[in-house]
Amino acid sequence: MIESSFVDGNSLIHRLDPRFRVAMAIGISVFIALADRFPTLLISLLLSLVLVALARLGTMRVFRRLVVVNGMVLVFWLILPLTVAGDAILNLGPILLTKAGVLLAARLTLKSNGIILALIALMATCPVTAIGYAMKSLWIPEKIVYLFLITYRYIFVLEQEYQRLMMAAKIRCFRPGNNLHTYRTFAYLIGMLFVRASLRGERVYQAMCCRGFNGRFYLLYEFRASWVDWIFLTALSLVILLLGFMEWGMVL
Amino acid sequence: MWGLSDVHVSGTLEVETALENLNEIKLMHISEGVLPVSILVGGAVIAVTGTAIGLRRLDYNRIPQAGVLAASFFVASLIHVPLGVSSVHLILNGLVGMMLGWGAFPVIMIALILQAVFFQFGGFTTLGVNTVVMALPAVLVSFAFHPLKRKNASVVTVISFLCGFFSVLFAALMMGFAFFLIGEAFFEVGTFVVISHLPVMIIEGIITVFCIRFLMKVQPSMLYVKKGVINARS
Amino acid sequence: MGNGPLIMDLKDICYAYHGVDDVLSHVNFSLHADERMGLIGGNGSGKSTFLHIIIGILRAHSGEMTIFGERVRTEQDFFRVRQRVGLLFQNSDDQLFSPTVLEDVAFGPLNLGKEPEEACEIARQTLTDLHLSGFEDRVTHTLSGGEKKLVALATILAMQPEILLLDEPTSGLDESTKNRLTEILGSLAISYIIVSHEYEFLISNTDTIYGMKNGILKYHGDSSSLHSHYHSHPAGEVSHQHSDT
């Protein structure tokens, strides 16, 4: 099932104001995306690891998540050392691994995982509704926020619906294979899901109208930033500032 | 491979097992930290523009409809269908476009934000690029589909297949192009992305055909997009 | 009743959601060929769970199941069970997903390895048997509630099951559809288990009646003796048998 498995917890990170968490996640992501030098990237990765540690999420669970989202990084490692021009570090007859290629793959691995870890620590620990409201207070247009919240609200309903349809197929001995019958069945299940979703959307809208909906949503959620939030934000900003100096200060 | 034994009444296992299975790596996202700033900014600008167009055509009273549909796309894109000895994720951006027109931009963007939050596939900096990669082909195939959808059944079958096929092909090409723009070093990575999506294109084509035929029969109003406005069923 | 050979034997079945709340606790149950059994109980009593366990979409946490003389444990075992045991869902909308009635009814036979023409032939025949000819090209999604129920039944019967499980088959049906259902069930020569909270329907369609409360299965009696008793206790959803009946 779709679950936000990192939301439960009572760590320092979990108690931070969601707006601050979203802002910090964006800040760190952008910084790491821009940075390029190895020392900066290593320290950034360390920073993300510290955040994950502070969120106390369980090493194994975080690791499993990391493995799954590293698919593209794996592709880089398989391709880049072979294709990037440069000095060879390993020569295995026809296969030539270049230093430049390995370094490039390593750099991308650091960057990618630094950002992913920061996202796990700061975003995956946030209730999704809170992220929606945080988006609102971070000047994201209201329409997107409503769309986001309604989408989130119905993901679980529709997932259950899909599972029930799948179950119906299963009790009639459906077994997926490489054949047209399988693809047709999946297409029908998906089509049915859309049709039901669309009808449900209608009903939701009608129910909203019955309760006086006139095209305006009201978001009832108030954030209250505490001094802990501010201290955390300030500390993190300072670290990033220092890292930024490390990255670009020497060049300037 | 996805076994049916994983589907339970309480509906808890499919995605979890998918995430724990290394065969199920999702490649339709460009990871965080790979692309240079210029491409990230370029992608973000196009994505914001597309989303703005999509949202402008989406009245407030159509938001529940679009939201529920976005949720169903999110769920449907987690489905694995068998392919050879392994299985693939459906992308379904073509169908999104055929049903929502420009609405594909906001809907796909929301789905990507949710994927970032739930699974950390993609994140903030690549949100723009990844949205464009999937949503732009969606809008393009919708332009091709709508003038032809009232023709006879065989035309609809062919055009549906092509829409499903090309929506993934364009997406893969755009992704490949993004890599190509980084520099020469990534040329092979880009080629790999395009080639590795070839089987998915065919399967998406087939699924799109059956799905469109299903919708035409069961709820044709879902395919009537007027100027990208999502219509009420009526 | 049910003097035929033993076809289903459940021993000490336990099931709990999330490993806590007991939905089924130490259920022992057996079904013989030609036995028609009713299971009554209130909402949340574990009746549907019971059926889902039999067909393997839920797995018991403990206990033993023997169906058609074979121990059933793995998904592979359950796949074989599903070829011979059909389940009618409480909500037909969850059961029907093909665009047209014919395709939906042919779906099961196709999964059993029948050729498309043969599957269509079986589907047509099943629809005719249920007096549903003319429905072949109707869009399943737009059928009425009663029609959906009958078509859903057709999708199961097309697989020629030896045991039929019906989960609240009467919910949301009007009298005439209920009567049609009774007629169809009467014409079937297979064993079935009906789960329902409608006493009257069970009485007229089954031989034996069990009750379920808080996950515990209890034998109530055979339908003929319970029948006369039923009307004197209008409030009694839960049947009980007097010693002298």
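The values are calculated or read from the model by the stated rules, or taken from the named source; none is laboratory data. Quick caveat, the model's predicted, so the values are computed rather than measured. FYI the Cβ positions are ideal-geometry reconstructions off the backbone, even for glycines, and counts take in every protein chain you see.
Would you be able to tell me the number of residues in region C:51-79 that are of a type in the set (K, R) and either buried (at least 17 other Cβ atoms within 10 Å of the Cβ) or more than 9 Å from every other protein chain (Cβ to nearest Cβ) (or both)? So the answer is 2. Exactly one condition in (1) facing chain B (nearest Cβ under 9 Å); (2) touching a residue at least 24 places away in the same chain (Cβ under 8 Å) is false for A:I190; which is it? The one condition A:I190 does not meet is (2). As a summary of the residue check, A:N113 satisfies the conditions (1) modelled with pLDDT under 90; (2) touching a Gly at 6+ places or on another chain (Cβ under 9 Å); (3) among the polar types (S, T, N, Q); (4) in the same structural domain as A:V67 (by TED's automatic domain parsing) except for the one numbered (1).
Each residue in region B:111-120 was checked for being more than 12 Å from B:A47 (Cβ to Cβ) and under 12 Å from the mean Cα position of the chain (by Cα), and 1 of them qualify. Counting the residues of region C:199-217 that are touching a Lys or Arg at 6+ places or on another chain (Cβ under 9 Å) and assigned to a strand (DSSP E or B) gives 4. Inside region A:148-160, residues that are at pLDDT 90 or above and either more than 7 Å from every other protein chain (Cβ to nearest Cβ) or farther than 30 Å from C:Q90 by Cα (or both) make up a count of 1. Taken over region C:111-124, the criterion of being in contact (Cβ under 8 Å) with a residue 12 or more places away in the chain and over 17 Å from A:C173 (Cβ atoms) is satisfied by C:C120, C:R124.
When B:P220, B:P147 are checked against the criterion of being within 13 Å of chain A (Cβ to nearest Cβ) and either surrounded by fewer than 22 Cβ atoms within 10 Å (Cβ to Cβ) or farther than 21 Å from B:S72 by Cα (or both), B:P220 stands alone in meeting it.
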